[in-house]
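Notes follow the structure.
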Amino acid sequence: MAIDSQTATTPTPTTTGPADGLRPGTPGSERLTGRAKLVLFVLCAAQFMVALDFSVLNVALPVLGKDLGLNRSALQWAVTAFALPSGGFLLLFGRIADLYGRKKLFLLGLALFGAASLLATLAWDPASFLAGRALQGLGAAVIVPTGMSLLTTTFPEGPLRDKAVGISGTLLSLGFTIGMVLGGVMTDTLGWRSTMGLLSVTAVIVLALAPGLLPESRTPDRPRLDVPGAVTVTGGLLALIYSLSSAAQRGFGGVDVWGTLLAGLALLVAFAVVESRTPAPLVSLPMLKRRTIAWGNFAGLVTFSMMSTVVFVLTLYLQETLELSSFRTGLVFGVQGVASALAGSFAPRVIGRFGARRTLTGSLLGQGLFTAALLAVGADSGALVATVAVSVASMFHLGAIISYGLTVTSGVPDAEQGLATGLVTTTQQVGLTIGIPLLGVLATTQTSLFGGVRTVLLADAAIVVAAAVLVGVGLGAGRTRKA
């Protein structure tokens, strides 16, 4: 439910619960009521929890493998088991939430995520652990699009939504960064199981607060779910994510990698054909033809894939070239997280001044230029340069995250917000998945790791700068002051 009134042509979603208590005052007001702050806290806490799950386990993998009997080649499944369902089912659950109730599905996702985290905490063998990770991913696929659509339908377009999405984007970025630092500390002091236990406790806390605070919302009419579309897009995304996750570990030489990649692309083409012919499509093709949605999601794909690649190769550089300890490497990313938090505090003001489209274009350009600045690092020294450059690049990256989310969801009726936010979060997950296998392998397969890192950074910077130009032209960022 949006806090402000809807126009006559925009369908108002059915709502129940304490929605009126969220109203901040007059439309366009920049102040959040106490209740609105609590709602924002609950939604952001859930998003932070999922973001934390993406990275908190990474540094614990070697210890985890020895404890559960997972060999090095099988450790990738600790990540892939989560990534497959979390990326593959996002669009489906976003649409189901539109039709049957976002709050209801959000609560179910929290319960599933919490139970799955407990299973992973208590895992007694590889099968039980991987089952827990897969169920975590399924819970995340429910939480992310429903939480985002609850946020965008609760806070109206304008200063309030800018502020809410800015806070959410900041915590999303911090979740990834803090997870890398916290995972190492918790693994060293409490063991790897504590990382999964933390997620279970967080899910229980959010689940206890959410029912009494969140309003229910759904589309006023209930068209039939597009089952053929759901099957083809979910299968396509699952195959695509599997192939790229496998390529990140083993390269593109395997038959199964190419086979699943081609199968995924074929299913996505079939999905496009299905959507063009069904009367109630899962994804409206006219929606995908909107400049803000097409170019906004392209920008999101670039900013997530390229920054995840920077973090990956920078970790290799710091630990293997400069031989920094895990703790000191974590400190570098800790500074990066603080910089991201600072960017999140003033990004809504920048967007309010220049508009989401201009901010998105400028943020991509800044991310690309400061990624290029990382080329100044040396083979024997460069930790300070790396810390400063990646921190500033991350500030622009966060600006791109916030502005691309606002660009994609602006002008979309509440009835389709679950679909729009499902596209946003699917772009995010696919972006996080494809960057490392597409570019990261250039660093790990060359004779000189340092030379490979420089090659990746150069390619990464060039891609982001080129994307900034394309997005600026595609969105017509110079034509209007605001998105």
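Side notes on the structure shown:
- Using θ = phi - 60° and Karplus 6.51 cos²θ - 1.76 cosθ + 1.60, couplings along the stretch 40-46 (whole Hz; Gly, Pro as x): 4, 4, 5, 5, 5, 4, 5
- The stretch 276-370 pair-distance distribution - Cα-Cα, 10 Å bins, rounded %: 13, 31, 28, 18, 9, 2
- Partner lysines whose Cα lies under 30 Å from the Cα of Lys37, excluding those fewer than 8 positions away in the same chain, are identified as Lys103, Lys104, Lys163, Lys482.
- The stretch 80-173 - Rg (one decimal) and Dmax (whole number), Cα, Å: 14.8, 50
- For Trp77, solvent-accessible area (1.4 Å; no DNA, RNA or ligand), Å²: 90 Å²
- Net charge over other residues, Cβ less than 13 angstrom from the Cβ of Ala443 (K, R count +1; D, E count -1): -1
- Of interest is the spacing of the C-alpha centroids, which for the stretch 76-140 and the stretch 333-399 amounts to 31 Å.
- Accessible area per residue in Å² at 1.4 Å probe, computed on the stretch 238-376: 44 Å²
- Whole-number percent relative contact order across the stretch 81-204, with pairs defined as alpha carbons under 8 Å at least 6 apart: 35 percent
The values are calculated or read from the model by the stated rules, or taken from the named source; none is laboratory data. Keep in mind that this is a model prediction, so the values were computed, not measured. Cβ atoms come from the backbone with ideal geometry, glycine included; neighbour counts cover every protein chain shown. Each accessible area value is taken on the protein alone, full model and side chains, heavy atoms only, with ligands, DNA and RNA left out. Shrake-Rupley method; radii C 1.70, N 1.55, O 1.52, S 1.80 Å.
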